[in-house]
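Throughout, read-outs are computed from the coordinates displayed, never taken from laboratory work. What you see is a predicted model; the values in this text were computed from it and never measured. Every residue, glycine as well, gets a Cβ built from its backbone with ideal geometry; the counts of neighbours run over all protein chains shown.
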Amino acid sequence: MRLDKFLKVSRLIKRRTVAAEACDAGRVTVNGRVAKAGAQVKAGDVIAISFGDKTVTVRVKALSETTKKEDADSMFEYV
């Protein structure tokens, strides 16, 4: 699954365009490497997102093309 789509579906970032812009600006890393929006994400990957002076780090648990709002947090766990 594409990184920008995962960020949107898991609701870590609300809009896919915002997720793509964050990736292109170099604020998102996958397994320690800066990743573009089209980077492939798989279960077990560690994603770090920089929001201003704060960084959110999560581990991908599951991938799903769509999900309900209540189930979105089951796609990742905070590290």
(Q) Can you give me the distance in nm between label points at residue 70 and residue 24, each placed 7 Å from the Cα along the Cα-to-Cβ direction? (A) 3.7 nm
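Go ahead and estimate [θ] at 222 nm for the chain from helices alone: -39,500 (n - 2.57) per DSSP H run with n ≥ 4, summed, over the residue count, rounded to 500. Numbers along the way, then the final one.
Working: 2 runs with 16 residues, N = 79.
Result for the chain: -5500 deg cm²/dmol, rounded to the nearest 500.
Would you please classify the overall shape of the stretch 1-47 from the alpha carbon gyration tensor, given that a ≥ b ≥ c denote the square roots of the eigenvalues, rounded means a/c under 1.5, and beyond that prolate means a/b larger than b/c while oblate covers the rest? Display every interim value, and only then the final one.
Details: a/c = 1.75, a/b = 1.15, b/c = 1.53.
Oblate shape, in that a/c is at least 1.5 and b/c is the bigger or equal ratio.
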